[in-house]
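Some notes on the structure that comes next.
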Amino acid sequence: MSATQEAIDLTIIAARAAADVKATSITAIDVAERLALTDTFLVVSGSTERQVRAIVDSVEEAMHKAGCKRQRREGMEGEAHWVLLDFGIVMVHVQQDEDREYYALEKLWADCPMIELPEDIKPSEVAQESTLAAYFSSGIENATGHDAATSADLA
């Protein structure tokens, strides 16, 4: 089963809020067929702790205005390298650039469909499917020297 339209709409609201405060590499993934606990992941990057915090604030405010209550937030303590916002059917991952590259969530979930984001989210800031395909086919290995597992490997 694919992500619900409600989840996709909320993902777009969160993506737009992140883009408004200069988040980069905005990627939306439909994980509904692989995970029972959520429908979509939105993965975005910020270059500094301050920017990650601004992205988190912007997304939380937009989702609140949309009537979507945050169920949990993790990672804001310390230097905010990776903040997870759990809105139930949407999970937002806000990562500093280095953590985004290291953990490569898009590679882990490469077997899940991408959600196309609207044109008003700056195209230069959206990770295009062709860019992701090139990244995944390049054989990049994680920091351990081994290929990262896909979600199918974890099932």
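When the criteria are applied in full, A80 fails the requirement of being within 24 Å of E119 (Cα to Cα), touching a helix residue (DSSP H, G or I) at 6+ places or on another chain (Cβ under 8 Å) and aliphatic (A, V, I, L, M). Considering only the range 93-106, state which residues are touching a residue at least 40 places away in the same chain (Cβ under 8 Å), more than 23 Å from E60 (Cα to Cα) and not hydrophobic (A, V, I, L, M, F, W, C). Residue satisfying the conditions is Y102 alone. Filtered by the rule that a residue be more than 13 Å from L42 (Cα to Cα) and surrounded by 20 or more Cβ atoms within 10 Å (Cβ to Cβ), the range 69-98 gives A80, Q96.
If you check D120 against the conditions, is it in a loop (DSSP other than H, G, I, E, B), of a type outside the set (S, T, N, Q), at pLDDT below 95 and exposed (fewer than 12 other Cβ atoms within 10 Å of the Cβ)? It is true that D120 is in a loop (DSSP other than H, G, I, E, B), of a type outside the set (S, T, N, Q), at pLDDT below 95 and exposed (fewer than 12 other Cβ atoms within 10 Å of the Cβ). Can you say whether S58 is more than 22 Å from I8 (Cβ to Cβ), touching an Asp or Glu at 6+ places or on another chain (Cβ under 9 Å) and touching a residue at least 24 places away in the same chain (Cβ under 8 Å), as far as the supplied structure shows? Against the criterion (more than 22 Å from I8 (Cβ to Cβ), touching an Asp or Glu at 6+ places or on another chain (Cβ under 9 Å) and touching a residue at least 24 places away in the same chain (Cβ under 8 Å)), S58 does not qualify. On the given criteria, is W109 without any contact (Cβ under 8 Å) to a residue 24 or more places away in the chain and in contact with a helix residue (DSSP H, G or I) (Cβ under 8 Å, 6 or more places away or on another chain)? Considered against the rule, which asks whether it is without any contact (Cβ under 8 Å) to a residue 24 or more places away in the chain and in contact with a helix residue (DSSP H, G or I) (Cβ under 8 Å, 6 or more places away or on another chain), W109 comes out as no. Residues of the range 8-62 that are over 15 Å from the mean Cα position of the chain (by Cα) and surrounded by 18 or more Cβ atoms within 10 Å (Cβ to Cβ): Q51, A54, A62.
The values are calculated or read from the model by the stated rules, or taken from the named source; none is laboratory data. The structure presented is a predicted model; accordingly, all values stated were derived computationally and were not measured. Glycine gets a Cβ as well: all are built from the backbone with ideal geometry, and neighbour counts include every protein chain shown.
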